[in-house]
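Student: Okay, here's the structure, questions in a sec.
The values are calculated or read from the model by the stated rules, or taken from the named source; none is laboratory data. Predicted model, so just to flag it, every value in this text is computed and none were measured. Cβ sites come from the backbone with ideal geometry, for glycine too, and all protein chains shown count toward neighbours. Each accessible area value is taken on the protein alone, full model and side chains, heavy atoms only, with ligands, DNA and RNA left out. Shrake-Rupley method; radii C 1.70, N 1.55, O 1.52, S 1.80 Å.
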Amino acid sequence: MSNGQEPIVSCRGLRKWFPVSAGFFSQLMGGEVWLKAVDGVDLDIYPEELYCLAGESGCGKTTTGKLLIGLLEPTDGIVEFEGHDLNEISRGGLRTLRARMQTIFQDPYSSLNPRLSLYDTVSEPLRLNKIATSGEDEEARVIRALEAVQLVPPEEFTFRYPHELSGGQRQRVAIARAIVVNPAFIVADEPVSMLDVSIRSEILNLLENIRREFHIAYIYVTHDLSVASYIGDKIAIMYLGKIMEKGTIKEVIHNAVHPYSQALISAVPSPDPTVDRKRKILPGEPGSPINTPPGCLFAPRCEYAQDKCRQDEPPLEEVSPGHWVSCWFPREPLQISYDLAHELKAKAKT
Amino acid sequence: MSLKIEDLKVYYCMRRGDCRAVEDVTFEIEKGDAVGLVGESGCGKSTVAFAILRMLPSPGEIMGGHIYFEGEDIATMDDDAIREFRWTQIAMVFQGAMNALNPILRVSDQITEAMLKHNRELSKDEAIEKTRELFKLVGMDPDRINHYPFEFSGGMKQRAMIVMALACDPKFLIADEPTTALDVTVQAQIMQLLRRLSDELGITLMLITHDLSVVAETCRNVIIMYAGKIVETGAVVEIFQKPWHPYAQGLIASIPSIERSRDQTLASIPGSPPNLLDPPQGCRFHPRCKFARDLCIKEDPVLLEVSPGHKAACHLATGKIKDSKWRPGKEVALL
Ligand SMILES: Nc1ncnc2c1ncn2[C@@H]1O[C@H](COP(=O)(O)OP(=O)(O)OP(=O)(O)O)[C@@H](O)[C@H]1O
Ligand SMILES: Nc1ncnc2c1ncn2[C@@H]1O[C@H](COP(=O)(O)OP(=O)(O)OP(=O)(O)O)[C@@H](O)[C@H]1O
Ligand SMILES: [Mg+2]
Ligand SMILES: [Mg+2]
């Protein structure tokens, strides 16, 4: 995929630190206290590539996605889109670039404009980017996008407003809006989390088809590793704002070596109620991104942690071509069984 | 009996016509039970929940039926009585709850305010302590209670809303897609918490979800809806093993399992959900049903008991029509 091509999006040393508002911490620590939501992330996303971001709640997935399309300003580090440094281009320039980037936000309840009908919601990106050649063309494109996300019959939906829709229907409007313009890059943040089995597989296939047809690159944020392994090319596993392991799905899901990735993979539940496969649930919670410990961030929860891990932070190193790991003592690859691999796929598909 | 719903009808009356989101829905939930409500996107699950709390978004209206909670009919209660009753008797975790918190107030203030309003004996300190406890139970750092909602990630907001719903010790909890933004680790923790609440404190739980593995793990009974109607209901173990309604058969057969995983053929349900402004005549599932006959177009099947505690709404189940290929069980969907 990366054969000789330049990445469409790349970032180096990306950081986003938020000042902490809660009085308690500031009083306790004196001076400014920072919450390190994203702390030194490097990524390269090539055209037509689907790059997944995974990790537990609060690890910085959404923040990374927003930084990559310039919706948040980084505290440090650079983001380049098609070779342009997002920090250095003017607002106007950013607006033109934005036409080529679309987002599907995590929460379809607050991301859709309540005052726009579905027709206006979905046609807005077409108008902003002057894509439709005529009124009829615009209408045809909107109808096609609504049909693609199974909001049928489309005429029954075009006049409605977001509050007149169910949760899964809103999520599909957000998807229709993002795909209607054939962008070059889409950040999709948990886009199918509210959809039931039958509609979900249709939407995943739709995202896949338009990716191939229009060479769209994706950042796909998900906490569901079965979906990631089904549709992803590459994946980065994040923990407290840092990347623990990244590389191709084949390496990271099927041959994980970081204890954290291995723990996440072992915790995937069986979707069959009649089968009681003992899944291993990682005990404890991610620590706080406010007062991060020295050494490896995962060490406090890692069953293999040694003294070195609690003192020095491991660098993110390439252990085999395209497979990067941040761990002093990587494990033997966790070769997930044929059944589990298959199950992950099957679960995503349903 | 904790909750008893009879012939509930809820329509959204729009200029283009009525969206018949809930039609003749009847079910009962025993005290202390954990019930899953499942079905395709847009089939009316959240609408049922909103009707129970009498919080239907406009232009939704209860067009008929009764909602008895411990004997009292919520559908006809006056507004003052409803306000007293919401949150302390029945609480709800809303779908898309992520943005239900007020962004400019600290999370702790919002939660303790709700606690103090409904329980006058509680002191402010006790309320804060309780909020911290609940944060721990949902896997969050208790010091985070002092943050503002905009400082939370998606999964954190969702968990804060679960805390909010539990704040007033309700007897009945409705959770509408409570774990969509949560990873498996936290999801398992929340499900364990909900199960414990129902086992130990006798809280009745109604769980709305699209994820059947969550229902299998958490609920004793399940209600399956299709296009505004109940098509099948009964014990989870029974229905997951022996569904009767062709829609339920398709749904259950689309869950992959380890035994079948080697060369899995997963059923899918062809076709799209119907337009609720103009739902199909007769059985609403007939346009997508491979067993459909003339009778299915003419006559809407009623929900009838097929074995003790297990009901299905299908002419095949009641024997009104016969088909040699049909029998109870999910295997039928794979034929
Ligand atoms: N505007 C903000 N101000 C302060 N802190 C923030 C802000 N936005 C996010 N955070 C914090 O940054 C961290 C990362 O948040 P982010 O939303 O990126 O997580 P996430 O990986 O998307 O999680 P989830 O899976 O729960 O959505 C969290 O600790 C969150 O509380
Ligand atoms: N305020 C409203 N005005 C008009 N129609 C509405 C309104 N709210 C919901 N609907 C319609 O009523 C039907 C049922 O919606 P409901 O929200 O109950 O579905 P749901 O089963 O919860 O779906 P999901 O799983 O996607 O959340 C849908 O077809 C929806 O379009
Ligand atoms: Mg997020
Ligand atoms: Mg809903």
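Student: What total accessible area, in Å², is buried where chains B and A meet, using a 1.4 Å probe and rounding to the nearest 100?
Tutor: In total, this chain pair buries about 5000 Å².
Student: In terms of Cα to Cα distance under 27 Å, which lysines are near enough to residue A:36, apart from those fewer than 8 places away along the same chain?
Tutor: Partners within reach: A:16, A:61, A:66, A:234, A:242, A:246, A:308, B:136, B:157.
Student: With the dipole of the protein assembly as shown worked out from charges on the C-beta (+1 for Lys and Arg, -1 for Asp and Glu) around the Cα centre, which of B:334, B:110, A:324 lies farthest toward the positive end?
Tutor: Of B:334, B:110, A:324, it is B:334.
Student: As an exercise, use a Förster radius of 25 Å and the Cβ-Cβ distance of residue B:61 and residue A:116 to find the FRET efficiency, rounded to the nearest 0.05.
Tutor: The pair residue B:61/residue A:116 has a calculated efficiency of 0.50.
Student: Explain nothing, just compute: Karplus ³J(HN,Hα) = 6.51 cos²θ - 1.76 cosθ + 1.60, θ = phi - 60°, for every residue of segment A:164-171 in order, whole Hz, x for Gly and Pro.
Tutor: For segment A:164-171, the Karplus curve yields 8, 10, 6, x, x, 5, 4, 4 Hz.
Student: For residue A:50, which sequence-distant residues (separation of 5 or more, or a different chain) have an amide H within less than 5 Å of its own amide H, given hydrogens modelled in the peptide plane?
Tutor: Those lying under 5 Å, H to H, from residue A:50 are A:218, A:233, A:234.
Student: Could you work out the mean count of beta carbons from other protein chains within 10 Å of each residue's beta carbon in B:201-212?
Tutor: The mean count of partner-chain Cβ atoms within 10 Å per residue comes to 2.
Student: Of the accessible area of segment B:46-164, with the probe set at 1.4 angstrom, what percent is carbon plus sulfur?
Tutor: On segment B:46-164, the fraction of accessible area on carbon and sulfur atoms equals 49 percent.
Student: Express the accessible area of chain A per residue in Å², computed with a 1.4 Å probe while the remaining protein chains stay in the model.
Tutor: Value for chain A: 42 Å² per residue.
Student: Where in segment A:102-135 are there trypsin sites (Lys or Arg not before Pro) that are in a DSSP coil and have at most 11 other Cβ atoms within 10 angstrom of their Cβ?
Tutor: Details: sites: A:115, A:127, A:130; in loops: A:115, A:130.
Here the sparse-neighbourhood loop sites are A:115, A:130.
Student: Mind putting a number on the dipole of chain A about its Cα centre? Charges go on the C-beta only, +1 for Lys and Arg and -1 for Asp and Glu, and I need it in Debye to the nearest 20.
Tutor: Dipole about the Cα centre, nearest 20: 400 debye.
Student: Taking the Cα-to-Cβ direction at residue B:307 and at residue B:323 and moving 7 Å from each Cα, how far apart do the two end points lie in nm?
Tutor: So the two model labels end up 2.1 nm from each other.
Student: Here's another thing I want to ask about it. Using just the alpha carbons, could you tell me how many Å³ per residue the convex hull of chain A encloses?
Tutor: 162 Å³
Student: Taking all protein chains together and a probe of 1.4 Å, list A:200, A:331 from the most accessible to the least accessible.
Tutor: A:331, A:200
Student: Could I ask something else about it? What translational diffusion coefficient, to the nearest whole µm²/s, does the protein assembly as shown have by Stokes-Einstein, given a Kirkwood radius computed over alpha-carbon pairs, a temperature of 4 °C and 1.567 mPa s viscosity?
Tutor: Estimated via Stokes-Einstein, D reaches 49 µm²/s.
Student: For segment A:128-238, what D do you get in µm² per second when you plug the Kirkwood radius from alpha-carbon pairs into Stokes-Einstein at 10 °C and 1.306 mPa s?
Tutor: D = 106 µm²/s.
Student: Hey, another quick one. How far, in nm, would the chain grow between residue B:196 and residue B:129 when pulled straight, counting 0.36 nm per residue and subtracting the alpha carbon separation? Display every interim value, and only then the final one.
Tutor: On the way: separation 67, 0.36 × 67 = 24.12 nm, distance 2.05 nm.
Gain in length upon complete extension: 22.1 nm.
Student: Taking only the alpha-carbon atoms of segment A:49-155, what semi-axes of the equivalent ellipsoid follow from 5 times the gyration tensor eigenvalues under a square root, in whole Å, largest first?
Tutor: Its equivalent ellipsoid spans semi-axes of 29, 19, 12 Å.
Student: Let me ask something additional. Within segment A:131-174, whose backbone N sits under 12 Å from a point 7 Å along Cα→Cβ of residue B:15?
Tutor: A:159-161
Student: Right, next: Expressed as an acute angle from 0 to 90° and rounded to the nearest 10, what is the orientation of the C-alpha long axis of helix A:197-214 relative to the principal long axis of chain A?
Tutor: Compared with the principal axis, the helix lies near 80 degrees.
Student: For segment B:134-207, just run the numbers: alpha carbon Rg, then divide by 2.2 N^0.38 Å, N being how many residues it has.
Tutor: Values: Rg = 12.0 Å, N = 74, 2.2 N^0.38 = 11.3 Å.
After normalising by residue count via 2.2 N^0.38 Å, the value is 1.06.
Student: Work out the FRET efficiency for residue A:127 and residue A:12 from their Cβ-Cβ distance, taking R0 = 41 Å, and round it to the nearest 0.05.
Tutor: Values: r = 35 Å, r/R0 = 0.85.
Efficiency, rounded to the nearest 0.05: 0.70.
Student: Kirkwood Rh over alpha-carbon pairs of chain B, then Stokes-Einstein at 37 °C and 0.692 mPa s: what D in µm² s⁻¹, rounded to an integer?
Tutor: Roughly 155 µm²/s, to the nearest whole number.
Student: So which residue, out of B:96, B:319, B:39, gets the largest mean-square fluctuation from a GNM of chain B using Cα contacts under 10 Å as springs?
Tutor: Looking only at B:96, B:319, B:39, the largest GNM fluctuation is found for B:319.
Student: Also: Taking amide H positions as placed 1.01 Å from N in the peptide plane, with prolines and chain starts having none, which residues 5 or more places from residue A:221, or on another chain, fall under 5 Å of its amide H?
Tutor: Residues meeting the amide H criterion: A:53, A:188, A:189, A:190.
Student: Continuing with the same structure: For segment B:161-318, divide the Cα radius of gyration by the Kirkwood radius and give the resulting Rg/Rh value with two decimals.
Tutor: Reported Rg/Rh (Cα atoms, Kirkwood Rh): 1.01.
Student: On to the next question. Calculate how many DSSP beta bridges within chain B are antiparallel, expressed in % of all such bridges and rounded to the nearest 5.
Tutor: 60 percent
Student: Using only alpha carbon positions, build the gyration tensor of segment B:277-319, then give the equivalent ellipsoid semi-axes as the square roots of 5 times its eigenvalues, largest first, whole angstrom.
Tutor: Semi-axes, largest first: 20, 11, 8 Å.
Student: Tell me the accessible surface of residue B:311 in square angstrom (1.4 angstrom probe, heavy atoms of protein chains only), to the nearest ten.
Tutor: For residue B:311, solvent-accessible area is about 80 Å².
Student: Full-extension gain between residue B:109 and residue B:6, please, as 0.36 nm times their residue separation minus the C-alpha to C-alpha distance. Kindly include the intermediate steps, with their values, before the conclusion.
Tutor: Numbers: separation 103, 0.36 × 103 = 37.08 nm, distance 3.88 nm.
Using 0.36 nm per residue and subtracting the Cα-Cα distance, I get 33.2 nm.
Student: Still on this structure, I have one more. Count neighbours as other Cβ atoms within 10 Å of each site's Cβ, and list the GluC sites (Glu not before Pro) in segment A:56-139 that are DSSP loop with at most 11 such neighbours.
Tutor: Qualifying residues, ordered by number: A:88.
Student: Then there is this: Using heavy-atom solvent-accessible surface (probe 1.4 Å) with all chains present, what is the largest-first order of B:23, A:48, A:155? Mind dumping the intermediate values first?
Tutor: Details: B:23 10, A:48 40, A:155 95 Å².
These residues rank, largest area first, as A:155, A:48, B:23.
Student: Using a basic spin-label model with each label point 7 Å from the Cα along Cα→Cβ, how many nm lie between residue A:281 and residue B:81?
Tutor: 4.1 nm
Student: Can you work out the Karplus-derived ³J(HN,Hα) for every residue in segment B:275-287? Use 6.51 cos²θ - 1.76 cosθ + 1.60 with θ = phi - 60°, whole Hz, and x for glycine or proline.
Tutor: With coefficients 6.51, -1.76 and 1.60, one gets 7, 6, 7, 9, x, x, 5, x, 6, 5, 8, 4, x Hz.
Student: Hey, another quick one. List, by residue number, every residue in segment B:29-56 with a reduction of 10 Å² or greater in accessible area between the chain on its own and the complete protein assembly, 1.4 Å probe.
Tutor: Output list: B:40, B:41, B:42.
Student: Compare A:328, B:326 by solvent-accessible area with a 1.4 Å probe and give them largest first, with all protein chains kept in place. Write out the running numbers ahead of the final one.
Tutor: Numbers: A:328 80, B:326 35 Å².
Most to least solvent-accessible, the answer reads A:328, B:326.
Student: Would you calculate the separation in nanometres between label points at residue B:299 and residue A:96, each defined as 7 Å from the Cα along the Cα-to-beta-carbon direction?
Tutor: 6.9 nm
Student: Another one. In Å, what is the Rg of the alpha-carbon atoms in segment B:35-141, and how long is Dmax?
Tutor: Final numbers for Rg and Dmax: 16.4, 45 Å.
Student: What residues qualify as long-range amide H neighbours of residue B:14, i.e. H under 5 Å apart, gap of 5 or more or another chain, H built at 1.01 Å from N?
Tutor: So residue B:14 has HN proximity to B:19.
Student: Counting only the heavy atoms of the protein chains, how much of residue B:77 is accessible to a 1.4 Å probe, in Å² to the nearest 10?
Tutor: So the heavy atoms of residue B:77 present about 20 Å² to solvent.
Student: In whole Hz and in residue order, list the ³J(HN,Hα) couplings for segment A:99-116 that follow from phi through the Karplus curve 6.51 cos²θ - 1.76 cosθ + 1.60, θ = phi - 60°; x for Gly and Pro.
Tutor: 4, 8, 10, 10, 10, 10, 6, 4, 10, x, 7, 10, 8, 8, 6, x, 8, 9
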